[in-house]
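Novice: I'd like to ask some things about the structure below.
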Amino acid sequence: VSAGAFVEGDIVAREVRVAGRFEGRIFALNVTVDDGAAVTGRIFHNEISVERGARIDGRTPWRPPNYFETLDQLPETMP
């Protein structure tokens with residue numbers, strides 16, 4: 001998600017870098033949240049890097065690598 005961009009929804013990838021605004025869920029082995037980025041939602045990750053100046057409003061649950069290998073259907077959104 002580029003600086004200045006806004007994305008809403010779910011992202012599934014091996015690696016994700018957020019530099020802009022994101023609302024939703026991220027499912028990725030490696031996640032980087034850059035300085036100035038704003039994330040609202042959940043970041044399911046194995047490794048995460050959050051730069052000073054980034055903002056996360058939500059949860060960042062850790063998952064083992066095999067969680068992503070077997071992720072063939074996204075989990076339901078909790079109410």
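The values are calculated or read from the model by the stated rules, or taken from the named source; none is laboratory data. Computed from a prediction, not measured in an experiment: that's the story for all the values here. Don't worry about glycine lacking a Cβ; one is built from the backbone with ideal geometry, like all the others, and counts go over all protein chains shown. Side chains included, ligands, DNA and RNA excluded: accessible areas come from the protein's heavy atoms. Shrake-Rupley method; radii C 1.70, N 1.55, O 1.52, S 1.80 Å.
Novice: When residues of the stretch 28-45 are filtered for being more than 17 Å from ASP10 (Cα to Cα) and free of Cβ contacts under 8 Å to residues at least 24 places away in the same chain, how many remain?
Specialist: Count: 1.
Novice: Kindly indicate the residue of the stretch 19-32 that is over 18 Å from PHE68 (Cβ atoms) and assigned to a strand (DSSP E or B) and also farthest from the chain's Cα centre (by Cα) among those meeting that condition.
Specialist: ARG21
Novice: Only one of ILE56, ILE11 is of a type in the set (Val, Ile, Thr), in contact (Cβ under 8 Å) with a residue 12 or more places away in the chain and open to solvent by 50 Å² or more (accessible area, probe 1.4 Å). Can you tell me which?
Specialist: That would be ILE56, the only listed residue that is of a type in the set (Val, Ile, Thr), in contact (Cβ under 8 Å) with a residue 12 or more places away in the chain and open to solvent by 50 Å² or more (accessible area, probe 1.4 Å).
Novice: Hey, another quick one. Take the conditions β-branched (Val, Ile, Thr), modelled with pLDDT of 95 or more and assigned to a strand (DSSP E or B) and apply them to VAL39. Does it pass?
Specialist: Yes; evaluated as a whole, the condition is true for this residue.
Novice: Could I ask something else about it? Could you please let me know if VAL16 is over 14 Å from ASP57 (Cα atoms) and crowded, with 19+ Cβ neighbours inside 10 Å?
Specialist: yes
Novice: Same structure again: Test PRO64 against the stated conditions and say whether it is at pLDDT below 95 and open to solvent by less than 80 Å² (accessible area, probe 1.4 Å).
Specialist: yes
Novice: With the requirement that a residue be buried (at least 21 other Cβ atoms within 10 Å of the Cβ) and under 12 Å from SER2 (Cβ atoms), what does the stretch 19-47 give you?
Specialist: The answer is PHE22, ALA37.
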